[in-house]
Amino acid sequence: MLIFAKAPQPGAVKTRLIPALGAQGAAALHARLAEHTLATACAAGASVVELHCAPDASDAFFHLCGGKYGVALAAQTGGDLGDRMFAAFAKALSTTSYTILIGTDCPGLTVQHLHQARLALTDGNDAVFVPAEDGGYALIGLSRCDARLFEDMAWGRAEVMAQTRARLRELRWRWRELDTLWDVDRPADYRRLMESGLLAPGRAHA
């Protein structure tokens, strides 16, 4: 399992939450979400969990997480998000039959979702997704890799999942979509997060 995460540097992460939380508060929330994601991934029982770090793996937070959760650290390589995801998948799929990649913005992603994604890939699907309410996706799992799935995509915009479906149809791949979830990016998402209790201790194991 691959987890993409940015270093929790104030002013560089959760920038749309800075007016509400301040740069330090937004960075602290980013770190909490990253640890929540790591706990969920580890609780799912994946044989290997890799934390793919941006801009590189040197930040002290990443080393803390590596030791605390027993995960391997790797630097994200490539240009835009699509390049970096393709590079990570290509490397992983050279040694395994399938792999799953998640970000750290979706606290509603549970162990059950990860198990469902794994089952979808072992059941003959080429790909599996957890769509996001904002039009992107919170999880992508692949049993094969093709750069066309990631090239010239409108990353960060509402049409990403729709574009991805079109690419999947062009590739004639079989895929499955799981429950649509929500990311934490804007003040309204933060209020929803606080009301949900999803970051409470033990919720990662739900």
Number of the exception - Trp173 against (1) touching a Lys or Arg at 6+ places or on another chain (Cβ under 9 Å); (2) aromatic (Phe, Trp, Tyr); (3) closer than 26 Å to Ile18 by Cβ: (3)
Residues of region 101-147 satisfying the condition of being surrounded by fewer than 24 Cβ atoms within 10 Å (Cβ to Cβ), among the β-branched types (Val, Ile, Thr) and farther than 21 Å from His30 by Cβ: Val111, Thr122
Filter result for Ile3 (in contact with a strand residue (DSSP E or B) (Cβ under 8 Å, 6 or more places away or on another chain), β-branched (Val, Ile, Thr) and either crowded, with 16+ Cβ neighbours inside 10 Å or within 21 Å of Val184 (Cα to Cα) (or both)): yes
Of all residues making up region 62-87, the number that are over 24 Å from Ala27 (Cβ atoms) and part of a helix (DSSP H, G or I): 4
Region 40-53 - residue that is open to solvent by less than 20 Å² (accessible area, probe 1.4 Å) and small (Gly, Ala, Ser) and, of those, nearest to Gly136 (Cα to Cα): Ala41
Sole exception among (1) open to solvent by less than 50 Å² (accessible area, probe 1.4 Å); (2) touching a strand residue (DSSP E or B) at 6+ places or on another chain (Cβ under 9 Å); (3) free of Cβ contacts under 8 Å to residues at least 60 places away in the same chain for Arg176, by number: (1)
Candidate set: region 148-173, residues that are over 19 Å from the mean Cα position of the chain (by Cα) and open to solvent by less than 70 Å² (accessible area, probe 1.4 Å); chosen: the one farthest from Leu33 (Cα to Cα): Leu171
Positions within region 72-98 being surrounded by 17 or more Cβ atoms within 10 Å (Cβ to Cβ), more than 18 Å from Ala7 (Cβ to Cβ) and touching a Cys at 6+ places or on another chain (Cβ under 9 Å), in sequence order: Phe86, Phe89, Ala92
Positions within region 1-26 being in contact with a Leu (Cβ under 9 Å, 6 or more places away or on another chain) and either more than 28 Å from Ala87 (Cβ to Cβ) or part of a helix (DSSP H, G or I) (or both), in sequence order: Leu17, Leu21, Gly25, Ala26
Tally of residues being free of Cβ contacts under 8 Å to residues at least 40 places away in the same chain, closer than 12 Å to Asp185 by Cα and open to solvent by 30 Å² or more (accessible area, probe 1.4 Å) across region 16-30: 1
Given (1) aliphatic (A, V, I, L, M); (2) closer than 20 Å to Leu101 by Cβ; (3) modelled with pLDDT of 95 or more; (4) surrounded by fewer than 21 Cβ atoms within 10 Å (Cβ to Cβ), number of the condition Ala60 does not satisfy: (2)
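The values are calculated or read from the model by the stated rules, or taken from the named source; none is laboratory data. Note that the structure is predicted; figures quoted are calculated from it, not measured. Positions of Cβ are generated from backbone atoms using ideal geometry, with glycine treated the same way; all protein chains shown enter the neighbour counts. Each accessible area value is taken on the protein alone, full model and side chains, heavy atoms only, with ligands, DNA and RNA left out. Shrake-Rupley method; radii C 1.70, N 1.55, O 1.52, S 1.80 Å.
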